[in-house]
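Report on one structure; see the data block that follows.
Every read-out reported here was derived from the displayed coordinates using simple, explicitly stated rules and does not represent laboratory data. In this text, all values refer to a predicted model and were calculated from it rather than measured experimentally. Glycine gets a Cβ as well: all are built from the backbone with ideal geometry, and neighbour counts include every protein chain shown.
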Amino acid sequence: MTQRNLQRTLKLAFAILEEQSDTISLLAAAVQELRYASGGPRATGPFGSGGDGIGLSSRGIISGATINELVVSRLKVTNRLKIPKGTDKFGSTNTLRESFTTVTGPIAASFGADWNAQGFTPLATYRLVNVILKVYRLGSPGTVTVGIRNNNGNSPEFGGSDIATGTFDGNALGTDTAGTEQTITMITPVELTQGTVYHIAIRATAGDSSNYVGWVGDIAAGYPDGNRSVSDDSGATWISFVGHDFYFKINSQEILEANVWIEGDDFHFFDESDVEHAIPLDVISKAFLDAKGDLITASANNTPAILTAGANGDMLVPNSDAAGGLEWVSVVTYEDSVVVHEGETVHV
């Protein structure tokens, strides 16, 4: 990046902050009110390691700020504000909810139409985000799908469908039959209801008897709130084995209260009336203009560019070969000359 481009980028950044000073002030006040400014999220929160949140303290995300009648007159960023994109807003923390971790050895293999499942019962209502299984591979089982299914007696619902799914590469598993933990994150987290039985169902449909995923566990009635089930017809029917249990862990996701976040190309926030607003992040700021006479043009689709001022008397004309599609050209004068214009001789 050239020095001029760097200066332009810095000017653009600070101009945007100045233009949104009222919004930043309101956000800072709102965050302070929510106690993010003192004792707020640190290593597990949105501000990264050591951040105290948005506030006026010396260790805050914003320091050296003077707020006078809700106007930020000067802003100095001393720490990186990490705002994740998407619906999780300020991120989340995982909490272990249910588990069974006793292992006596391999119990069953999943391949083709042979599927396996483990029942479990949530002790509270929560949002399941991922499951952890202890598994291994033989050969190359390919993509492995893990789903959460509703209950039918002591087994998954016959012919049922997943209420949440996640996948992983079975070919990347280890071959030790003791198994290793594999975390499977659900594509869309699902809310589970306290006291309702669900099942973790695993399958490797591209596998066969020489290429499968093995799941380890115990056959001594260790987990009281569910049991192992098997299907040999791709989940159309299931057979339950009471007293047999696979190794599993269930994690929930606790979403932190969020007031600001980035979604797509917009900066979103809630005001004090709990009304959501969105500010485009791809607007052209006044800092983009460096000098008197600068013109904003475009070098390509959605690519703004600057055309500096021409000399006095120059004309602006289109030129497809120019970087911005326009250029300044000198005007030719014909003082005291004879000029032919539209077939007529004219003295200038």
Positive-end residue, region 220-330 charge dipole about Cα centroid, Cβ charges, pick of V275, S299, N251: S299
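Once you have the Cα-Cα distance between F158 and D208, take 0.36 nm times their residue separation minus that, and quote the gain in nm to one decimal.
On the way: separation 50, 0.36 × 50 = 18.00 nm, distance 2.27 nm.
That works out to 15.7 nm of additional length.
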For the pair Q194 and E181, how long in nm is the line joining their label points, each one 7 Å along Cα→Cβ? 2.7
Need one number: nm distance between label points at A113 and T125, each 7 Å from Cα along Cα→Cβ, rounded to one decimal. 4.0
Stretched fully, the stretch from D225 through L289 gains (0.36 nm per residue minus C-alpha distance, one decimal, in nm) 16.4 nm
Please give the FRET efficiency for V242 paired with A172, using the beta carbon to beta carbon distance and R0 = 35 Å, rounded to the nearest 0.05. 0.60
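Magnitude of the Cβ-charge dipole of region 92-255, K/R +1 and D/E -1, about the Cα centre, nearest 20 debye? Each step should come with its number before you reach the end.
Values: 8 positive and 15 negative charges, 35 e Å.
The dipole magnitude comes to about 180 debye.
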